[in-house]
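This report refers to the structure that appears directly beneath it.
The values are calculated or read from the model by the stated rules, or taken from the named source; none is laboratory data. Since this is a predicted model, take the numbers as computed values, not measurements. As a convention, Cβ positions derive from the backbone with ideal geometry for all residues, glycine included, and neighbour counts pool all protein chains shown. When the accessible area is computed, the model is the full protein with side chains, heavy atoms only, and any ligands, DNA or RNA have been set aside. Shrake-Rupley method; radii C 1.70, N 1.55, O 1.52, S 1.80 Å.
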Amino acid sequence: MSISKRCRHGFYKVLELSEIKGIGAKRLKALNEMGIITPSDLLLRFPDKYIVGTTPLQKAVRDSEEISFLGEVTSPAKRAYIRRGLNVVNCTVVNNGVSVRCSWFNQPFAARNLQVGDKVYVIGKVKRFKSSVQLTNPTFMVPQDGDGDIIPIYKTPIPSRTFAAAVKIALDNVQVNSYIPSELAQKFGLLPLTDALKIVHAPKNMLELKAAKRSVAIENMCYVITSYRLLKDDRRDFSYIADDGVIEEFVHGLPFELTRDQIEAASAVIKALRSEKLTNMLVQGEVGCGKTVIALLAMYFAAKSGCQSAIMTPTEVLARQHYLTMIKFLEPLGIRTQLLCASMNARQREAALFNIKYGLANCIVGTQSLIGEDTEYKNLRLVIVDEQQRFGVNQRAKLESKGKKTDMIVMTATPIPRTLALSLYGELQQLEIRAMPSGRPIIHTSIVPAVKIAGMYDYIAKKAAQDERTYIICPRIDGGDDELTGVENVYNKLKKSALAQYVGCIHGKMKDIEKNEIMAAFKSGQIKVLVSTTVVEVGIDVPEATTVVIYDAERFGLSQLHQIRGRVGRGTKESYCFLISENGTPESDNRLKEFCKMTDGFAVSELDFKLRGAGDFVGLRQHGNGSLEIDAEIIERSRMLSDELVADGRSSDLIVNSMKSPEFIRSVTMN
């Protein structure tokens, strides 16, 4: 969504990111790469953290507690060399009589920017050593004229100050218009959207920040809930003509028996497809419970009725895995399948688009290429979204719009808490698959202390020699400046160890073709230990994988940990999930201990929702809105607001917008 203003000649002047002071070509490219294309994208990229400069430090500050303060540098910032490629800058910052020793590794600019007597904002996690308070790689900022008591911190490719200044320029020159009529906003205690966004980005105090974040969260959730409710309420204009013999043919061709839950889910799906009303269904299932088979049965039923179906996945690795499964189960039954994804060369893509457009392919699988402008379908009637939490409402709607009055099935292996599911998907028929296929092993989960990490790697090496596979999951590609374990760091270390002949790595910045080659090598056994980010989190099926290690486990939500844990235990051998958490708090340690006892994904999701809110489930955190907290009260208020919007018909243009934009902002106009 662009920011524009009508000029006197009737044309619109659009405010571009490049016109904002401080954003040159290099910084513009960096912002574009993280999905910030327009000034309104700036407004929806909320701060990651806040420094509260007026809060005095207490001498009893706890170990692992995150602190923020305005202090004075009392010792020179000195740079010391530890070894080749590793140096550290140390200095002492004092607040309220509490001395804090700050250390920055491989950040020489800290020595240049910190002088004795300087005032500096600091935020970081405490490490206590006897009576001293220490921070490793804390974020620091030099005070500037105009700073308030609370300083927003943005973790973006450009400096936080520059980003904040760009946001301020945009907010000072625009009016943000909401979908919520003003009288309803007042009734529900919502701030005007422009005011709420200004406060979220530049709060004067914590009380107003809490109110503004609540207001924005309710508007956002109301938009999501209302969009889902309005996406479809039509009666079908066609009938699936396949008979029960088709279903029996598919089931008898499977090399395994369906579980009772799978049989019940399959029956419910076919019944819904045969009903007079278009299908709008949510299928939730435990990790590895066999939802894909239900999807393939529905696609086969549609194909035997003369219709096309398409399943959209969040990653190309998962799309290719589904494609191989479709070839295995559907093509022997005479069904033409087709893959469509970004890494295809021009010739492959042209052939795929031809097959889809002219109906030479009945069952199609792919990534967001399925909703590309040049993708046309002959007779698309059934669409399936796998791992739906990875997609926005608009992406789902675009896939639906590729056909005429399509049936929709959305699937997730991240069970959604009941309160949230009823609010978000109250209009959808909901199915649950809880039972696991027979023969699946229990996955043993435990926390590995630092002193036992070496022994853990000895165990992994032993398993690799027996042709068993291991995932090692890290929260980011490089270690960064906040002590997170990086894929590249672990990979380089293992390349110098006894695991050197077995190890490979994969992460999101690699090209799709490279990721596909690495996953193929892991499946075949050329690579037996795969160091990865959460790019392998969803759907990947390698039966030989029996061990998964998760570094910095305290940084993940429990549902995400459960999803990652589900990458192992997909064969018949005993499997293990090892959690490493060296920088946790007492609260996070207790949370991980509870997780180790739990095996039911539905129970995990309820505890995660209770402890962390709904951000992980509705996709807010992955879009940079981590500072928004969604709890049960906000969901209930959002639902009530949505009810009123739908009841008086004022939401009609909201659904039109959701077909083309994921933003809950109605429009942004220049002052």
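Can you compute the radius of gyration and Dmax for region 224-326, using only the Cα atoms, both in Å?
In Å, with Rg to one decimal and Dmax whole: 14.6, 42.
Treat every Asp and Glu Cβ in the chain as -1 and every Lys and Arg Cβ as +1, leave all other atoms uncharged, and give the resulting dipole magnitude about the Cα centre to the nearest 20 debye.
Value, rounded to 20: 1620 debye.
Would you compute, from DSSP H runs of 4+ residues alone, the mean residue ellipticity of the chain at 222 nm, taking -39500 (n - 2.57) per run and dividing by the full residue count, rounded to the nearest 500?
Numbers: 23 runs with 244 residues, N = 671.
So the helix-based figure for the chain works out to -11000 deg cm²/dmol.
Taking amide H positions as placed in the peptide plane 1.01 Å from N, state which residues far from Arg469 in sequence (5 or more) or on other chains have amide H under 5 Å from it.
Ala545, Thr546, Thr547
Quick one: compute the contact order of the chain, relative version, from alpha carbon pairs under 8 angstrom and 6+ residues apart, as a percent.
Numbers: 1268 pairs, mean separation 102.8, N = 671.
15 percent.
In µm²/s, what is D for region 327-398 at 4 °C and 1.567 mPa s, where D = kT/(6 pi eta Rh) by Stokes-Einstein and Rh is the Kirkwood radius from Cα pairs? Let's see the in-between values first.
On the way: Rh = 13.1 Å.
Approximately 99 µm²/s, per Stokes-Einstein.
Quantify how much of the Cα-Cα distance distribution of region 131-254 extends past 26 Å, in percent.
Values: 3897 of 7626 pairs.
Counting pairs separated by more than 26 Å, the tail of P(r) holds 51 percent.
How tilted is helix 291-303 with respect to the longest principal axis of the chain? Cα atoms for both, answer in degrees (0 to 90, nearest 10).
Once rounded, one gets 40 degrees.
So, with a 1.4 angstrom probe, what is the percent of accessible area on the chain that is carbon and sulfur?
Details: 15160 of 29860 Å².
Ligands and nucleic acids excluded, carbon and sulfur reach 51 percent.
How far, in degrees from 0 to 90, does helix 601-612 lean away from the longest principal axis of the Cα atoms of the chain, to the nearest 10?
That works out to roughly 30 degrees.
When only Cα pairs under 8 Å and 6 or more residues apart are kept, what is the percent relative contact order across region 336-467?
Values: 114 pairs, mean separation 22.0, N = 132.
So the answer I get is 17 percent.
Report P(r) for region 460-586: all Cα-Cα distances, bin width 10 Å, range 0 to the bin holding the largest distance, values in whole percent.
Bin by bin from 0 Å, the calculated values are 13, 48, 34, 5, 0.
Calculate how steeply helix 512-524 sits against the longest principal axis of the alpha-carbon atoms of the chain, using the helix alpha-carbon long axis, and give the answer as 0 to 90 degrees to the nearest 10.
It is inclined by approximately 70 degrees.
Over region 284-379, one equal point on each Cα, no solvent: what is log10 I(q)/I(0) by the Debye formula at q = 0.11, 0.12, 0.13, 0.17 Å⁻¹?
-0.29, -0.35, -0.41, -0.70
Quick one: Cα centre-to-centre distance for region 179-238 and region 351-401, in angstrom?
Using only Cα atoms to place each centre, the spacing works out to 30 Å.
Return one whole number: the accessible area per residue of the chain in Å², for a 1.4 Å probe. Don't skip to the answer; put the middle values down first.
Working: 29860 Å² over 671 residues.
Using a 1.4 Å probe on heavy atoms only, each residue of the chain averages 44 Å².
Report which label in [x] 177; [y] 198; [z] 159 holds the value of volume of the Cα convex hull per residue in Å³ derived from the coordinates of this structure.
[x]
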